[in-house]
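Asker: Take a look at the following structure, please.
The values are calculated or read from the model by the stated rules, or taken from the named source; none is laboratory data. Values in this document were obtained by computation on a predicted structure and should not be read as measured data. Here the Cβ positions follow ideal geometry from the backbone for every residue, glycine too, while neighbour counts run over all protein chains shown.
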Amino acid sequence: MKLIKLLDREASNLVSDPTNITILRELVTAEHSTSELAEKLNLPTLNVWRRMQKLQKAKLIELTGTQKVGNLEKKLYRSTATYFAPQQYFNFTPKDPRLTEAFEIFSRIQKSMMAKTAAFGDVPKDADPVDYSFFVNMMVFADVCGTPDVQAKIVALKEKLTQFNQQNSNRPQ
């Protein structure tokens, strides 16, 4: 299981659905069969199965194993990541030069955090995915924001934002 998975348009549409979000949340915490999820969510099994097929096609979930139950084979699924992030479809940039400079600082900090997060790789098999995701996010935040270089960037970012806010004084400070 990955920590973060970037989503294409189709996958972004799938995770915008509240029922699919609930299915993914359940599959982050533990593997489940379609019938188990249907029972847990109080939905018809066929409806959950159809959703699971779409989620699997979009690579948001994966088949992790099977279990023999009498004469039947029960398929077990798991989420492919603990967190899903949509890719930016519109690459907007601020028009105001102060915001452009602030956005560049912010983006550099974010990219640094994403690179450090990616360096952790997959969730270890014996770790709880939710706890491990929290651990990585907090560790990366503390590591990146704790450096004097990033602290200076944050001060510069705040100055740019304050300058912009003062010129547009109808916004709260």
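Asker: Would you confirm whether or not the range 35-56 contains a residue that is in contact with a Lys or Arg (Cβ under 8 Å, 6 or more places away or on another chain) and at pLDDT 90 or above?
Answerer: yes
Asker: Checking Arg51 against (1) closer than 29 Å to Lys116 by Cβ; (2) assigned to a helix (DSSP H, G or I): exactly one of these is not met. Which one?
Answerer: All conditions pass for Arg51, except number (1).
Asker: Checking Ala142 against (1) within 30 Å of Lys57 (Cα to Cα); (2) of a type outside the set (Val, Ile, Thr); (3) not assigned by TED's automatic domain parsing to the domain that holds Thr34: exactly one of these is not met. Which one?
Answerer: It is condition (1) that Ala142 fails.
Asker: Provide a single number: the residues in the range 131-173 that are among the hydroxyl-bearing types (Ser, Thr, Tyr), more than 23 Å from Ala115 (Cα to Cα) and surrounded by 12 or more Cβ atoms within 10 Å (Cβ to Cβ).
Answerer: Qualifying residue count, the range 131-173: 1.
Asker: Do we have Ala81 as out of contact with any Cys (no Cβ under 8 Å at 6 or more places or on another chain), buried (at least 17 other Cβ atoms within 10 Å of the Cβ) and closer than 16 Å to Arg25 by Cβ here?
Answerer: Details: out of contact with any Cys (no Cβ under 8 Å at 6 or more places or on another chain): yes; buried (at least 17 other Cβ atoms within 10 Å of the Cβ): yes; closer than 16 Å to Arg25 by Cβ: yes.
The answer is yes for Ala81.
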